[in-house]
């Protein structure tokens, strides 16, 4: 397959890259896209300038992804048009954005783990000598790109052996190798350490200064203020406003996104610790192939506190969660809950003892999508006397409980009969939180509780965690969101390669220090568990 060069890109667009390096590179005019039961984009219009970082923000369901999929060619609009440097793009059947210089980097990387970085970068656009891959030419072109944009990657290492930050650089090099002049980035910092985030922002500035245009989709408004020049807010499929970032702030953007002011939720208090609720002692877990997924993990959660566990995804957080809730049995160590040995107790036994949990994967582990909302609200409690008769479930009690939780937790739509699969991600998360907290647990284990949620739903869930701690319960918060960890936690532990590498009071934590620990560069202080 022929490599797409800068010259061929220019010919395909019937434009010269030397033309007007100022003005609008993309103009979206009146884009509307309907799906069954919802209008994803309604008469959306916006202009994106050449060589700028343009942020696109909005709640889940605001229409951001649909609009970007239209630009990239994954979705056809029902009406409207897109102009590239003043000329219409054929956003219809067979349109592919990369053929017009538009690249897209998805939140979940599209890489092949057993291929090397170089093989992933050139895959589909390999230079050839006859029927053979011209490896020398491919390597030379990629190395030139790395030098030009200051991105270092070991091209001979397999993707499975790279860090998350290195994987992201491979994704960026992939689109640059294909001469993308416009790069769409979806939640690019979701799984990066602070150091990797700063490196990414430096790369984005270099790309922008070199004439590339970046469309930056994020939920993190502080990042918008730091890296973007212009920001567009979408709400319910419509453009609410576009403005220079110098003329707004994060609080104003949040208000525009949700249509009301948002109160900031904060924990981080310097109070005395209550008695232990959960004590984890030297827990280890082996994979089927024998290597350890967890190694000598120890910590304690006390009453009235939130213990935050930070770390880049994939460093043992999921395995720790599974051990704590009874889904996996440790190879050694002890889990003590309220003074009782619960190491080998079942999930049901732990629930009945006063432990509740919010899983990271709400679809696979938190809900039965084909069940109604009210049925999901009693999952795990359906055998309790409050809901179960001798033969049949007590429908009146279930209905009354569902109506109360729907009201208390502001779940929308307020229809207990609706299938859980038809709810938005934020409302699905509210259903899980309502069910688990309604148990009145002594310990709440929350894993990535706000992942993928918009700012309004995220603040609601965070507020619930803080209230649990204020009520004297213990809360274990496992999150890859450093801002969330630092804002809510009383103490912070960091996981790296299946180990706890440090635990310290949250008031002594810095983002820089956490980032170094998350990357395995340093270890934090060890306080009494």
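Odds and ends about this structure:
- Protection-proxy order for peptides 508-514, 176-182, each taking the mean of Cβ atoms within 10 Å per residue, highest first: 176-182, 508-514
- Against the main long axis of the alpha-carbon atoms of the chain, helix 455-470 sits at an angle near 30°.
- Within the chain, the proportion of Cα pairs with more than 30 Å between them is 55 percent.
- In degrees, nearest ten, helix 135-149 long axis to first principal axis of the chain (Cα): 80
- Full-stretch length increase - residue 79, residue 336 - with 0.36 nm per residue and alpha-carbon distance subtracted: 86.5 nm
- C-alpha long axis of helix 164-177 to longest principal axis of the chain, angle in °: 20
- Computed extension length for residue 348-residue 251: 30.7 nm, one decimal, from 0.36 nm per residue of separation with the Cα-Cα distance subtracted.
- When you restrict to C-alpha pairs under 8 Å that are six or more residues apart and normalise by the size of the chain, the relative contact order lands at 15 percent.
- FRET efficiency, 1/(1 + (r/R0)^6) with R0 35 Å, evaluated for residue 202 and residue 128 via beta carbons: 0.55
- Where labels lie 7 Å past Cα in the beta-carbon direction, separation of residue 156 and residue 387 in nm: 5.8
- For 336, 222, 436, 52, order by how many other beta-carbon atoms lie within 10 Å, fewest first: 222, 336, 52, 436
- Burial ordering of 132, 95, fewest other beta-carbon atoms within 10 Å first: 132, 95
- If R0 equals 45 Å, the separation of the Cβ atoms of residue 261 and residue 112 corresponds to a calculated FRET efficiency of about 0.50.
- Mean-position separation - Cα centroids, region 445-507 and region 122-155, in angstrom: 42
- Cβ-Cβ FRET estimate between residue 412 and residue 146, R0 fixed at 51 Å, reported to 0.05: 0.60
- Separation in nanometres of the label points that stand 7 Å from Cα toward Cβ, at residue 371 and residue 137: 5.9
- Fewest-first sequence of 313, 318 by Cβ atoms within 10 Å of each Cβ: 313, 318
Only the coordinates and a few stated rules stand behind these numbers; no lab work does. Predicted model, so just to flag it, every value in this text is computed and none were measured. Glycine also receives a Cβ, built like all others from the backbone with ideal geometry; neighbour counts cover every protein chain displayed.
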